[in-house]
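The structure appears below as structure tokens.
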Amino acid sequence: MPESLLFEKSTPGRRGYRLPALDVPEPRAAAVPTSARRTTPPALPELSEVDVVRHYTRLSRENYGVDLGFYPLGSCTMKYNPKINEEMARHPGAAAAHPLQGEALSQGALRLMYELEQGLKEVAGMDRVSLQPAAGAQGEFAGILMIHAYHAARGNPRRRVIIPDSAHGTNPASAALAGYEVQTVHSNAEGLVDVGDLSKLIDHDCAALMLTNPNTLGLFEKEIVQIAKIVHDAGALLYMDGANLNALLGLVRPGDMGFDVVHFNLHKTFSTPHGGGGPGAGPIGVKAPLAAYLPTPTIERDGARFFLDHNRPQSIGRLHSFYGNFGILVRAYTYLRRLGAAGLAEISRNAILNANYVRARLASAYQIAYDRACMHECVFSAKRQRAKGVHAWDIAKRLIDYGYYPPTINFPMVVEEAIMIEPPESEARETLDAFCDAMLAIAKECEEQPELVKTAPHTTARSRLDEVLAARKPQVRWTPPT
Ligand SMILES: *Cc1c(COP(=O)(O)O)cnc(C)c1O
């Protein structure tokens, strides 16, 4: 049964809680000016406590989360968030710290952030990191602003940023928002940057090349050293979208590959739970020549004392109130400290193994977009199923009936009917096998009873919503019937 709104369940006069009798003097009526006072009571729902508890419990059971089941969510690393991270983030010293309590009383928080910066620098092979950006996209924007500032200080900010056709949509959006014209470099038959095309496009008007490595097809850009040379020879900089860092931890460092700037998605690689749009953290790391442009303030150390440095005349400015999303930083710090260097390398090795396992198990039923060993995610195409009128979209919906969160579909856009699967390191072989069995069963359904797949999901409170309309014309306010 679809759950109705609390407003619709409301019964006049019903209460969940009664305030005790007033035992202090009545406030002076004049304290709130008449113009600011309501003349009619607000139209709030009236329910008993048990009605409210059951309403929210029922809603929570229609929801899906990583504590309930597997997310095959490519490019997003919806992996399990160890509970110790949560415990640390809820520790009163972290959760109750107030950003206005001042430096002297914030030494623990500052030290945690300082040490997290050191850890992230080491993971990425960068010289400095700012923890401020609230998301990967904001990290990208900060990175491009720094690249702009770097070129401007050399007399010409340049006009173009080159981005592969397989890139995540936030890449061109960040470059355009920073005032750059976006130019596309094509992928070759192997799904990698076409180096010949890049050489033709690049010149002294190009500010940067933005790359994701491994790219959004889950493929390692094996020509990265040559690409870095081409970019640097033109005086441009190399930006790495670090959203796929889950494939590289402890194995390869972006800084060693020649990248000048990289953003991290702490809510992806470093396990913070995410979804629903936040909160997140998208720290940005840079090589020394760009350090002066980092967002202000930076976190510095003077012996045993940690402090914020606001005196940074070349900085691109502030990106976030106070220090960024501190709770996310605590989780990432805990995760890093618990795992250490060896643990990080094990994450990436297992993530790569898991993705290749799924790739091999599904190869007979689904076409593989680029048939070679992948990194932490693999991309299939539902072209074969399309012959029966079934699209990637339908297969994703059908997976819900089998108890799985749908994978990323129709991305990257260079693959028709793309189904991108990322089985993170935290998933056991039994989980992957059960998921692959479901995918294979669906492939069979596509052959034998395509209508069943095309009308899925059949087990949810609502089936097919108009998602475009919901995004374009969100209706989030309840209006009483007249
Ligand atoms: C998630 C993602 C981003 C954007 O990161 P947000 O934290 O969602 O803003 C950018 N690029 C890639 C490849 C991603 O997967």
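The distance between label points at E190 and D437 comes to 3.8 nm (points 7 Å beyond Cα on the Cα→Cβ vector). The calculated FRET efficiency for A341 paired with E87, based on their beta-carbon distance and R0 = 22 Å, is about 0.45. Helix content alone sets the calculated 222 nm mean residue ellipticity of the chain: runs of n ≥ 4 DSSP H residues at -39500 (n - 2.57) each, divided across all residues, give -11000 deg cm²/dmol.
By how many nm would the segment from D127 to R384 lengthen if fully extended, with 0.36 nm per residue of separation less the alpha-carbon distance?
Once the chain is fully extended between D127 and R384, it gains 87.8 nm.
Evaluated at q = 0.14 Å⁻¹, a Debye calculation over the C-alpha positions of region 146-249 (equal weights, vacuum) places log10 I(q)/I(0) at -0.49. Rounded to the nearest 20 debye, the dipole size of region 347-470 about its Cα centre is 200 debye, using +1 on the Cβ of Lys and Arg and -1 on the Cβ of Asp and Glu.
Extension gain, D401 to R111, is 99.7 nm, computed as 0.36 nm per intervening residue step minus the present C-alpha separation.
Among Y404, Y335, Y114, Y56, sorting on how many other beta-carbon atoms sit within 10 Å of each Cβ, with the fewest leading, yields Y56, Y114, Y404, Y335.
Computed over region 84-339, the range of Cα coordinates on each principal axis works out to 55, 38, 32 Å, biggest value leading. Annotation: amide H of L237 within the under-5 Å range of A208, L209, sequence separation 5 or more or interchain, hydrogens built in the peptide plane. Restricting to bridges with both residues inside the chain, how much of the DSSP beta-bridge set is antiparallel, in percent to the nearest 5? The antiparallel fraction comes to roughly 55 percent.
A Förster radius of 45 Å combined with the Cβ-Cβ distance from H320 to E451 puts the calculated FRET efficiency at roughly 0.35. In region 39-132, taking the dipole from charged Cβ atoms about the Cα centre, the farthest positive-side position among A95, F70, L47 is held by F70. Volume per residue of the convex hull around the Cα atoms, evaluated for region 331-435, comes out as 122 Å³.
Here the chain is assigned +1 on the Cβ of each Lys and Arg and -1 on the Cβ of each Asp and Glu. Its dipole about the Cα centre then comes out at about 1120 debye. Temperature 20 °C, viscosity 1.002 mPa s: under these conditions the Stokes-Einstein estimate for region 291-347, based on its Kirkwood radius over C-alpha pairs, is 158 µm² per second. For the chain, the share of alpha carbon pairs falling in successive 20 Å distance bins from zero is 21, 48, 27, 4, 0 percent.
In order along region 248-256, the phi-based Karplus estimate (6.51 cos²θ - 1.76 cosθ + 1.60, θ = phi - 60°) of 3J(HN,Hα) comes to 10, 3, x, 10, 9, 10, x, x, 6 Hz; Gly and Pro are listed as x. The phi-based Karplus calculation (6.51 cos²θ - 1.76 cosθ + 1.60; θ = phi - 60°) puts the 3J(HN,Hα) values of region 339-354 at 8, x, 4, 5, x, 5, 5, 5, 4, 5, 4, 5, 4, 5, 4, 4 Hz, whole numbers, x for Gly and Pro. Note on region 120-192: Rg/Rh from Cα positions, Kirkwood definition for Rh, rounded to two decimals, is 1.01.
Taking 35 Å as R0, compute the FRET efficiency from the Cβ-Cβ separation of R14 and A95 and round it to 0.05. About 0.50, to the nearest 0.05. For region 254-359, the residue among N265, F322, Y357 whose Cα projects farthest onto the positive side of the dipole built from Cβ charges is Y357. The 3J(HN,Hα) values that the Karplus relation (6.51, -1.76, 1.60; θ = phi - 60°) gives for region 10-20 are, in residue order, 4, 10, x, x, 6, 10, x, 7, 10, 6, x Hz. Gly and Pro appear as x.
Translational diffusion of region 6-56 was estimated from the Stokes-Einstein equation, with Rh taken as the Kirkwood radius over Cα pairs; at 20 °C and 1.002 mPa s the coefficient is 156 µm²/s.
A short reminder: the numbers here are calculations on the coordinates, not readings from a lab. Only a predicted model underlies this, so the values are computations on that prediction, with no experimental measurement involved. Ideal geometry is used to build each Cβ from the backbone, glycine not excepted, and the neighbour counts take in all protein chains shown.
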